[in-house]
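Heads up: the structure comes next, in C-alpha coordinates.
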Amino acid sequence: MSSEKASSSENIVSQKYDRCLADLLVKAGVGFSVGVVASVILFRRRTWPIALSTGFGMGAAYADCDRSFNPARVSGTRIISQTDESK
(Lines give C-alpha, C1' and ligand atoms only; values in the text may rest on other atoms or scores of the structure.)
Protein backbone atom coordinates (compact mmCIF):
# COMPACT_ATOMS: atom_id res chain seq x y z
CA MET A 1 0.00 0.00 0.00
CA SER A 2 1.32 3.42 -0.83
CA SER A 3 1.07 6.22 1.64
CA GLU A 4 0.82 9.78 0.42
CA LYS A 5 3.34 12.24 1.81
CA ALA A 6 2.99 15.98 1.80
CA SER A 7 4.61 17.42 -1.32
CA SER A 8 7.07 20.22 -0.95
CA SER A 9 6.58 23.38 -2.95
CA GLU A 10 9.67 22.54 -5.05
CA ASN A 11 8.11 19.23 -6.09
CA ILE A 12 4.84 20.91 -7.02
CA VAL A 13 6.60 23.52 -9.16
CA SER A 14 8.79 20.89 -10.83
CA GLN A 15 5.70 18.79 -11.65
CA LYS A 16 4.07 21.84 -13.22
CA TYR A 17 7.19 22.54 -15.30
CA ASP A 18 7.31 18.91 -16.40
CA ARG A 19 3.66 19.03 -17.46
CA CYS A 20 4.27 22.29 -19.32
CA LEU A 21 7.25 20.88 -21.17
CA ALA A 22 5.37 17.71 -22.13
CA ASP A 23 2.40 19.80 -23.26
CA LEU A 24 4.70 22.02 -25.33
CA LEU A 25 6.27 19.05 -27.08
CA VAL A 26 2.93 17.43 -27.84
CA LYS A 27 1.18 20.56 -29.09
CA ALA A 28 4.15 21.79 -31.11
CA GLY A 29 4.50 18.32 -32.62
CA VAL A 30 0.85 18.19 -33.59
CA GLY A 31 1.09 21.68 -35.05
CA PHE A 32 4.21 20.70 -36.99
CA SER A 33 2.45 17.60 -38.35
CA VAL A 34 -0.62 19.56 -39.40
CA GLY A 35 1.64 22.15 -41.02
CA VAL A 36 3.52 19.51 -43.02
CA VAL A 37 0.29 17.94 -44.25
CA ALA A 38 -1.18 21.33 -45.15
CA SER A 39 2.04 22.35 -46.85
CA VAL A 40 2.18 19.22 -48.99
CA ILE A 41 -1.52 19.04 -49.85
CA LEU A 42 -2.65 22.65 -50.07
CA PHE A 43 0.28 25.03 -50.43
CA ARG A 44 2.70 23.38 -52.87
CA ARG A 45 5.42 22.66 -50.28
CA ARG A 46 5.81 26.14 -48.87
CA THR A 47 7.33 26.49 -45.42
CA TRP A 48 5.05 29.11 -43.87
CA PRO A 49 2.20 26.70 -42.98
CA ILE A 50 4.65 24.61 -40.97
CA ALA A 51 5.94 27.61 -39.03
CA LEU A 52 2.46 29.02 -38.50
CA SER A 53 0.89 25.83 -37.18
CA THR A 54 3.91 25.06 -34.98
CA GLY A 55 3.61 28.56 -33.54
CA PHE A 56 -0.09 28.03 -32.87
CA GLY A 57 0.72 24.83 -30.98
CA MET A 58 3.44 26.52 -28.95
CA GLY A 59 1.12 29.43 -28.18
CA ALA A 60 -1.61 27.09 -26.96
CA ALA A 61 0.90 25.28 -24.75
CA TYR A 62 2.15 28.60 -23.36
CA ALA A 63 -1.41 29.67 -22.52
CA ASP A 64 -2.10 26.39 -20.72
CA CYS A 65 1.16 26.66 -18.80
CA ASP A 66 0.39 30.24 -17.83
CA ARG A 67 -3.00 29.16 -16.50
CA SER A 68 -1.46 26.36 -14.43
CA PHE A 69 1.00 28.73 -12.76
CA ASN A 70 -1.43 31.64 -12.36
CA PRO A 71 -4.97 30.34 -11.73
CA ALA A 72 -6.30 33.89 -11.44
CA ARG A 73 -6.04 34.19 -15.23
CA VAL A 74 -8.66 31.50 -15.84
CA SER A 75 -11.67 33.29 -17.20
CA GLY A 76 -14.82 33.03 -15.15
CA THR A 77 -13.10 32.44 -11.80
CA ARG A 78 -12.91 34.71 -8.84
CA ILE A 79 -10.34 34.53 -6.06
CA ILE A 80 -11.99 34.95 -2.69
CA SER A 81 -9.79 35.97 0.23
CA GLN A 82 -10.39 34.65 3.73
CA THR A 83 -11.65 38.02 4.94
CA ASP A 84 -14.32 38.03 2.21
CA GLU A 85 -15.50 34.53 3.18
CA SER A 86 -16.17 35.46 6.79
CA LYS A 87 -18.60 38.29 5.87
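Things to note:
- Nearest-0.05 FRET efficiency for VAL30 and ASP66, computed from C-beta distance (R0 22 Å): 0.70
- For the chain, the solvent-accessible area works out to 84 Å² per residue, with a probe of 1.4 Å and every protein chain left in place.
- Approximate spin-label separation VAL40-SER9, in nm, with each point projected 7 Å along Cα-to-Cβ: 4.9 nm
- Relative to the longest principal axis of the Cα atoms of the chain, the long axis of helix 48-69 makes an angle of roughly 0 degrees.
- Taking every alpha-carbon pair in the chain and binning the separations at 5 Å intervals from zero gives 3, 13, 13, 13, 13, 13, 10, 8, 5, 4, 3, 1, 0 percent.
- Folded to 0 to 90 degrees: helix 9-41 orientation relative to the chain principal axis, Cα: 20 degrees
- At most 12 other Cβ within 10 Å, DSSP loop - trypsin sites (Lys or Arg not before Pro), the range 55-85: ARG78
- Local net charge near ALA38, Cβ-Cβ under 15 Å (Lys/Arg +1, Asp/Glu -1): +3
- Overall form of the range 37-87 per C-alpha gyration tensor (a/c, 1.5; a/b vs b/c): prolate
The values are calculated or read from the model by the stated rules, or taken from the named source; none is laboratory data. Nothing here was measured: the structure is a model prediction, and the numbers come from that model. Quick reminder, even Gly has a Cβ in these numbers, built from the backbone with ideal geometry, and neighbours come from all protein chains shown. When the accessible area is computed, the model is the full protein with side chains, heavy atoms only, and any ligands, DNA or RNA have been set aside. Shrake-Rupley method; radii C 1.70, N 1.55, O 1.52, S 1.80 Å.
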